[in-house]
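**Student:** Pasting a structure here, questions to come.
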Amino acid sequence: MPVTLSGLASGIDTQSIVTQLISADSGQLNQLQKKSSQTADANTTVSAVGTSLAALATAAQALDDATANGTFTATSSSTGIGVTAGATAQPGTYSVKVNAIAAAQRTYSASFASDTTALGQTGSFTIAVGTGTAKSINVLATDSLQTLVSKINDAGLQVAASVFNDGTTSRLQIRGLSTGVSNALRFTESGTALDLNGTGATPTSGTTVQAATDASLTVDGFTVTRPTNQITGAVNGLSLTVTDITASPVSISVASDAGGLTTKLNAVVTAYNDVVGKIHKATGYGDQKATNPILSGDSTLRTIASKIASAMQATSAQSGSLTSLADIGLTLQRDGTLALDSSKLTSKFSTDPLSVQKLLGRMHSRTTGGLLADLNDTVTTITGSGGLLTNKTTSYTAQKKLTDEAATREQDRLDKYRTQLRAQFSAMETTYAQNQNLLAQVSKL
């Protein structure tokens, strides 16, 4: 009887055998691929910590200037003076009287019967704003008040022209666009009879109905003048807006605004706790296991947590009666997170705002001091070139590259091994087929 075997030749599932042999020999490749993935994930986690640290730095920067980190509110006893308080203000009360309002000049020409009829005047006139260069407006016999309006408005000066009509006659109106004596308008006429320098001597004469004037105030007995009705720089940190002359002094009061400062400090708390939370989750904390074995107990991340914690627990000798952040209610909790006692902050900021500002921020020209300024410096060092975080991400990038290169080499080895196995099994199948044919021939004998 003939000898027969199932399958194409030998009946053995050689492809399955090759697959199983390769799988059995892929342990090293699997480990390398797993390590590469974990390293990439670890680098992503470290980068996320870096993003959170950047947010912490931003929150700290909002408070790192002792002359501008406070928040204050200001009130006025009169609607004639509006007031806002900036970060550099300090609590106090001021007596302010408005003597004059800043105004822009408004000048009218002589009157004419029509604003569209040709004036029949030939010549020119110049307009200058303050000490600026005068610009000449050419006048043709065919020009009307309306065409002169267009010529003036196209001249590029800080003025605006229009036509005024009283119901019977029309006048050219030219008004300055900026208030203040320094922005007064100057006119010269040559060959024209617009009477732009008129004094209103007759009902048809030209006249300036509003001269350019400065705002004038008396603040605590001292005279203050400004070219606009927005008064800044008179009282440090205050911006006054005058709208009416006041018959008697107005009381301007400035008080500390603990609510605004609380908002800023809560931003620091949120950003700080985000950093700590990411580090604890990554490295493991208490009963919480690390999300990535590569980061379990990672010394770099724990050092970062330790450094920012130390910055928050530091002391200052430059802020009067306050020496630590705990003095204003900002304290570290047992789990490493930060918490703010807003009532304690309110109490301290209400009674001694300047000391609170100096505790948090750095005075100008100083390179040290201000605990949140120091925190910002600490974070900048950690995240900057050559810092802990940068070095860590650089290290992980290099590790992943080496691991990927090793994985590529291992994959090449397995590919060659697969090719070798397939060749060997192919040769076996060929030999088997030949032997099968030989047996068939023998069986016929």
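The values are calculated or read from the model by the stated rules, or taken from the named source; none is laboratory data. Computed from a predicted model, the values in this text were never measured in an experiment. Here the Cβ positions follow ideal geometry from the backbone for every residue, glycine too, while neighbour counts run over all protein chains shown.
**Student:** Looking for whichever is within 25 Å of ALA42 (Cβ to Cβ), among the β-branched types (Val, Ile, Thr), in contact (Cβ under 8 Å) with a residue 24 or more places away in the chain and surrounded by fewer than 21 Cβ atoms within 10 Å (Cβ to Cβ) here; the options are THR262, THR303, THR243. Which one fits? Outline the logic, then answer.
**Tutor:** Values: THR262 fails: within 25 Å of ALA42 (Cβ to Cβ); THR243 fails: within 25 Å of ALA42 (Cβ to Cβ).
The conditions single out THR303.
**Student:** Also, quick follow-up: Suppose we filter segment 130-151 for residues that are of a type in the set (A, V, I, L, M) and either assigned to a helix (DSSP H, G or I) or in contact with a Cys (Cβ under 6 Å, 6 or more places away or on another chain) (or both); how many remain?
**Tutor:** The initial filter retains those residues of segment 130-151 that are of a type in the set (A, V, I, L, M), namely 134, 137, 139-141, 145, 148-149.
With either assigned to a helix (DSSP H, G or I) or in contact with a Cys (Cβ under 6 Å, 6 or more places away or on another chain) (or both) added as a condition, the list becomes 145, 148-149.
Qualifying residue count, segment 130-151: 3.
**Student:** Also, quick follow-up: Sort out which residues of segment 234-250 are among the polar types (S, T, N, Q) and either more than 20 Å from SER350 (Cβ to Cβ) or out of contact with any Ser or Thr (no Cβ under 8 Å at 6 or more places or on another chain) (or both), and write them in order of number. Let's see the steps before the verdict.
**Tutor:** Applying the first criterion (among the polar types (S, T, N, Q)) to segment 234-250 yields 236, 239, 241, 243, 246, 248.
If the condition is that a residue be among the polar types (S, T, N, Q) and either more than 20 Å from SER350 (Cβ to Cβ) or out of contact with any Ser or Thr (no Cβ under 8 Å at 6 or more places or on another chain) (or both), then SER239, THR241, THR243, THR246, SER248 are the ones that fit.
**Student:** For segment 230-257: of the residues being outside any strand (DSSP E or B) and of a type in the set (A, V, I, L, M, F, W, C), which is farthest from THR67 (Cα to Cα)? Working first, answer last.
**Tutor:** First, pick out the residues of segment 230-257 that are outside any strand (DSSP E or B): 233-237, 243-249, 257.
If we keep only those that are of a type in the set (A, V, I, L, M, F, W, C) as well, we get 234-235, 245, 247.
Details: ALA234: 17, VAL235: 14, ILE245: 32, ALA247: 35 Å.
The selected residue is ALA247.
**Student:** Could you list, in sequence order, the residues of segment 378-387 that are surrounded by fewer than 18 Cβ atoms within 10 Å (Cβ to Cβ) and in a helix (DSSP H, G or I)?
**Tutor:** THR380, THR381
**Student:** Shifting gears a bit: Across segment 405-439, which residue is surrounded by the most Cβ atoms within 10 Å (Cβ to Cβ) among those that are under 60 Å from the mean Cα position of the chain (by Cα) and among the aliphatic types (A, V, I, L, M)? Show your work before the answer.
**Tutor:** Step one: list which residues in segment 405-439 are under 60 Å from the mean Cα position of the chain (by Cα), which gives 405-419.
Retained after the next criterion (residues that are among the aliphatic types (A, V, I, L, M)): 406-407, 414.
On the way: ALA406: 16, ALA407: 19, LEU414: 17.
The qualifying residue surrounded by the most Cβ atoms within 10 Å (Cβ to Cβ) is ALA407.
**Student:** Is it fair to say THR390 is assigned by TED's automatic domain parsing to the domain that holds GLN288 and under 22 Å from ALA55 (Cα atoms)? So that I can check it myself, show each step before the final result.
**Tutor:** On the way: assigned by TED's automatic domain parsing to the domain that holds GLN288: yes; under 22 Å from ALA55 (Cα atoms): yes.
Considered against the rule, which asks whether it is assigned by TED's automatic domain parsing to the domain that holds GLN288 and under 22 Å from ALA55 (Cα atoms), THR390 comes out as yes.
**Student:** Have a look at ILE231, ILE137 and point out the one that is in contact with a Ser or Thr (Cβ under 9 Å, 6 or more places away or on another chain), crowded, with 17+ Cβ neighbours inside 10 Å and not assigned by TED's automatic domain parsing to the domain that holds THR116.
**Tutor:** On the way: ILE137 fails: not assigned by TED's automatic domain parsing to the domain that holds THR116.
Exactly one residue qualifies, and that residue is ILE231.
**Student:** While we're on this one: Report, by residue number, each residue of segment 162-196 that is part of a loop (DSSP other than H, G, I, E, B) and within 53 Å of the chain's Cα centre (by Cα). Walk me through it before giving the result.
**Tutor:** Within segment 162-196, the subset part of a loop (DSSP other than H, G, I, E, B) is 166-169, 177-180, 184, 191-196.
Scanning segment 162-196 gives ASP166, LEU177, SER178, THR179, GLY180, ALA184, LEU196.
**Student:** Please count how many residues of segment 388-399 are surrounded by 12 or more Cβ atoms within 10 Å (Cβ to Cβ) and either in contact with a strand residue (DSSP E or B) (Cβ under 7 Å, 6 or more places away or on another chain) or not polar (S, T, N, Q) (or both).
**Tutor:** 4
**Student:** Residues to consider are THR39, THR88, THR58, THR84; find the one that is outside the structural domain of ASP195 (by TED's automatic domain parsing), assigned to a loop (DSSP other than H, G, I, E, B) and touching a residue at least 40 places away in the same chain (Cβ under 8 Å).
**Tutor:** Details: THR39 fails: assigned to a loop (DSSP other than H, G, I, E, B); THR58 fails: assigned to a loop (DSSP other than H, G, I, E, B); THR84 fails: assigned to a loop (DSSP other than H, G, I, E, B).
On inspection, the qualifying residue turns out to be THR88.
**Student:** Would you check which residues across segment 208-229 are at negative phi and either part of a loop (DSSP other than H, G, I, E, B) or among the aliphatic types (A, V, I, L, M) (or both) and list them? Break it down stepwise before answering.
**Tutor:** Narrowing segment 208-229 to residues at negative phi: 208-219, 222-229.
Within segment 208-229, VAL209, ALA211, ALA212, ASP214, ALA215, LEU217, VAL219, VAL224, PRO227, THR228, ASN229 meet the criteria.
**Student:** Another one. Could you say which residue among SER10, SER47 is at pLDDT below 80 and in contact with a helix residue (DSSP H, G or I) (Cβ under 9 Å, 6 or more places away or on another chain)? Write out each step before concluding.
**Tutor:** Values: SER47 fails: at pLDDT below 80.
That would be SER10, the only listed residue that is at pLDDT below 80 and in contact with a helix residue (DSSP H, G or I) (Cβ under 9 Å, 6 or more places away or on another chain).
**Student:** Another question, then. Going residue by residue through segment 313-329, is there one that turns out to be within 25 Å of the chain's Cα centre (by Cα) and either within 26 Å of GLY277 (Cβ to Cβ) or in a helix (DSSP H, G or I) (or both)? It would help to see each step written out before you state the result.
**Tutor:** Going through segment 313-329, the residues within 25 Å of the chain's Cα centre (by Cα) turn out to be none.
Checked against the condition, which is being within 25 Å of the chain's Cα centre (by Cα) and either within 26 Å of GLY277 (Cβ to Cβ) or in a helix (DSSP H, G or I) (or both), segment 313-329 yields no hits at all.
**Student:** Here is a further query. Has segment 55-75 got at least one residue that is over 30 Å from VAL379 (Cβ atoms), modelled with pLDDT under 95, touching a helix residue (DSSP H, G or I) at 6+ places or on another chain (Cβ under 9 Å) and crowded, with 16+ Cβ neighbours inside 10 Å?
**Tutor:** Within segment 55-75 (the criterion being over 30 Å from VAL379 (Cβ atoms), modelled with pLDDT under 95, touching a helix residue (DSSP H, G or I) at 6+ places or on another chain (Cβ under 9 Å) and crowded, with 16+ Cβ neighbours inside 10 Å), the answer is yes, since at least one residue qualifies.
**Student:** Going residue by residue through segment 64-73, is there one that turns out to be among the β-branched types (Val, Ile, Thr) and farther than 30 Å from LEU375 by Cβ? Talk me through it step by step, then tell me what you get.
**Tutor:** Our first condition is that a residue be among the β-branched types (Val, Ile, Thr); within segment 64-73, this holds for 67, 71, 73.
Add one more test, that the residue is farther than 30 Å from LEU375 by Cβ, and what stays is none.
Scanning segment 64-73, I find no residue that is among the β-branched types (Val, Ile, Thr) and farther than 30 Å from LEU375 by Cβ, so the answer is no.
**Student:** Quick check: anything in segment 356-377 modelled with pLDDT of 80 or more, in the same structural domain as SER37 (by TED's automatic domain parsing), surrounded by 16 or more Cβ atoms within 10 Å (Cβ to Cβ) and in contact with a Phe, Trp or Tyr (Cβ under 8 Å, 6 or more places away or on another chain)?
**Tutor:** Yes, segment 356-377 contains a residue that is modelled with pLDDT of 80 or more, in the same structural domain as SER37 (by TED's automatic domain parsing), surrounded by 16 or more Cβ atoms within 10 Å (Cβ to Cβ) and in contact with a Phe, Trp or Tyr (Cβ under 8 Å, 6 or more places away or on another chain).
**Student:** Of a type in the set (Phe, Trp, Tyr), over 17 Å from LEU371 (Cα atoms) and either in contact (Cβ under 8 Å) with a residue 24 or more places away in the chain or in the same structural domain as LEU56 (by TED's automatic domain parsing) (or both), is that true of TYR285? Step through it out loud before you land on a result.
**Tutor:** Working: of a type in the set (Phe, Trp, Tyr): yes; over 17 Å from LEU371 (Cα atoms): yes; either in contact (Cβ under 8 Å) with a residue 24 or more places away in the chain or in the same structural domain as LEU56 (by TED's automatic domain parsing) (or both): yes.
Yes; evaluated as a whole, the condition is true for this residue.
**Student:** Quick one: which of LEU338, LEU402 is of a type in the set (A, V, I, L, M), within 25 Å of ASP298 (Cα to Cα) and surrounded by fewer than 17 Cβ atoms within 10 Å (Cβ to Cβ)? Break it down into steps so the answer makes sense when it comes.
**Tutor:** Working: LEU338 fails: surrounded by fewer than 17 Cβ atoms within 10 Å (Cβ to Cβ).
Checking each option against the conditions leaves just LEU402.
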